[in-house]
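Below is one structure, written out as C-alpha cells; comments come after it.
The values are calculated or read from the model by the stated rules, or taken from the named source; none is laboratory data. All values derive from a computational prediction rather than experimental measurement. Here Cβ is always computed from backbone atoms with ideal geometry, including for glycine, and neighbour counts include all displayed protein chains.
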Amino acid sequence: MLANRVKKTHQKLAAKMEKKQIGAYRLYDWDIPEVRVVVDWYEGHLVVAEYAREQTALLEDYVASLGAACADILKIPRERVHTKARRTRPRSGDRYERTESPERTNERLIVREGDLRFYCNLDDFLDTGLFADHRKTRAMVAAGAKSNRVLNLFAYTGSFSVYAAAAGAVRVTTVDASRTYLDWAEANFALNELGTSRHLFVKDDVREFLHFEYERRHQFEIIVCDPPSFSVGRDRESFDVQRDHPELITACVRLLAPDGVLYFSTNHQRFLPRFAEVAATVVEITKDTVPEDYRNRTIHRCFRITR
C-alpha cells in the first residue's frame with residue numbers, strides 16, 4: 001500500500017517539481033492510518049521517518065523494509081534510502097541531537113529550491129537542514145526583502161536568511177543558539193555565492209537577543225520567528241511555545257520598523273493562539289504557506305503580524 005501510494009504521488013509531482021527546480025518534497029504524509037510514516041524525496045534520495053510506536057518497535061527492520069519497498073517501486077538504489085524514528089510529541093533538543101549513522105557521517109547533499117541551493121544532511125540529525133514545508137513562506141519573505149533589514153530568529157541552517165539575502169536585503173541577521181547550525185547557515189550563503197560582509201550570524205538565546213536589540217533601538221522591516229515547540233537552554237528557564245508565545249511575539253513586535261512584518265510560525269500540532277495578549281494585528285496565513293505536496297494542511301501554523 002505504501003509503495004503504491006508513493007509511486008502515484010511521485011508520478012503526479014515529479015515533472016512539476018523538476019520544472020520549478022524543487023529538489024525536496026513530500027511523497028507520503030501518513031496518508032494510511034496504519035502506516036505511520038512520512039516519505040520525503042531529496043534529489044533522488046528517500047528519507048523515510050516513522051512516528052515510533054510500540055506495535056512496530058519489536059519488528060525487525062520495519063522502517064527499512066518500508067524504505068526498500070519505496071525504493072524498489074521508484075527504481076532507485078536502496079542505498080539511497082535514509083531511515084529515522086520520529087516522535088508524535090518531539091522532545092526538547094531533537095533537532096540538535098545526532099543520530100547513529102557512522103557509515104554515512106557528515107555526508108552533505110546539495111538540494112535545489114528554485115535558483116537557490118542548500119546543504120542537507122540526510123543521516124546525522126533527525127532533521128535534514130531544510131524544512132520543505134516552508135518553501136512558500138520563504139518565497140513570501142524574499143518578496144519583501146529587497147533593500148530591507150531582515151531578522152531570522154531560531155534560524156536553524158539559515159534558509160530564510162539565504163532567501164532574504166539573495167532577494168537583496170540590505171542586512172540579514174541570523175540568530176540561533178547552535179554554532180553548528182550558524183556555521184551551516186554560513187556554508188549555505190557560500191554555496192549560493194552570497195557575501196557575508198553585510199550580514200550577521202549571532203549565536204545567542206533568542207529572548208536575550210531581543211532584549212538587547214530593543215535596548216539598542218534596532219529595528220527590522222521583516223522578522224521571521226519559527227521557534228521550537230519546547231526547548232531548555234543552558235543558562236535560563238525552559239521555553240514552551242504554547243505558554244510563552246505572547247511574550248515572544250511582543251518582544252519581536254517591539255523591533256518592527258514602521259510598516260514592518262513579523263512572520264510567526266509553529267509546528268506545535270495543538271497550538272492554541274493567545275493573540276489577545278499581543279498589541280498587534282494578526283492574520284493567519286497557514287493556507288497560503290503549506291505546499292501542495294503536504295497532505296497535512298496544518299503541518300505548521302503561520303501568522304502575519306503587524307504593528
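Residue pairs whose Cβ atoms lie under 7 Å apart, sitting 6 or more positions apart in sequence or on different chains, and linking a residue in the stretch 64-75 that is more than 10 Å from Asn4 (Cα to Cα) to a partner that is surrounded by 20 or more Cβ atoms within 10 Å (Cβ to Cβ) and hydroxyl-bearing (Ser, Thr, Tyr), are Ala64/Thr83; Gly67/Thr83.
Conditions (1) among the hydrophobic types (A, V, I, L, M, F, W, C); (2) more than 28 Å from Arg108 (Cβ to Cβ); (3) surrounded by 11 or more Cβ atoms within 10 Å (Cβ to Cβ), marked per residue:
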site: Val6; (1), (2), (3): yes, no, yes
site: Leu13; (1), (2), (3): yes, no, yes
site: Arg26; (1), (2), (3): no, no, yes
site: Ile32; (1), (2), (3): yes, yes, yes
site: Val47; (1), (2), (3): yes, no, yes
site: Arg53; (1), (2), (3): no, yes, yes
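Within the stretch 117-148, track down each residue that is buried (at least 20 other Cβ atoms within 10 Å of the Cβ), in a strand (DSSP E or B) and in contact with a Phe, Trp or Tyr (Cβ under 7 Å, 6 or more places away or on another chain). Answer for the stretch 117-148, where residues must be buried (at least 20 other Cβ atoms within 10 Å of the Cβ), in a strand (DSSP E or B) and in contact with a Phe, Trp or Tyr (Cβ under 7 Å, 6 or more places away or on another chain): just Cys120. Report yes if some residue within the stretch 261-274 is out of contact with any Gly (no Cβ under 9 Å at 6 or more places or on another chain), of a type in the set (Gly, Ala, Ser) and within 21 Å of Phe160 (Cβ to Cβ); otherwise report no. The answer is yes, given that some residue of the stretch 261-274 is out of contact with any Gly (no Cβ under 9 Å at 6 or more places or on another chain), of a type in the set (Gly, Ala, Ser) and within 21 Å of Phe160 (Cβ to Cβ).
Could you look through the stretch 286-306, keep only residues that are in contact (Cβ under 8 Å) with a residue 60 or more places away in the chain and not charged (D, E, K, R), and pick out the one that is farthest from His134 (Cα to Cα)? Residue satisfying both the conditions and the ranking: Asn296.
Can Arg207 be described as surrounded by 14 or more Cβ atoms within 10 Å (Cβ to Cβ), over 23 Å from the mean Cα position of the chain (by Cα) and at pLDDT 95 or above? For Arg207, the condition - surrounded by 14 or more Cβ atoms within 10 Å (Cβ to Cβ), over 23 Å from the mean Cα position of the chain (by Cα) and at pLDDT 95 or above - is not met.
Of the residues Glu237, Glu292, Glu247, Glu221, the single one that is of a type in the set (D, E, K, R) and assigned to a helix (DSSP H, G or I) is Glu247.
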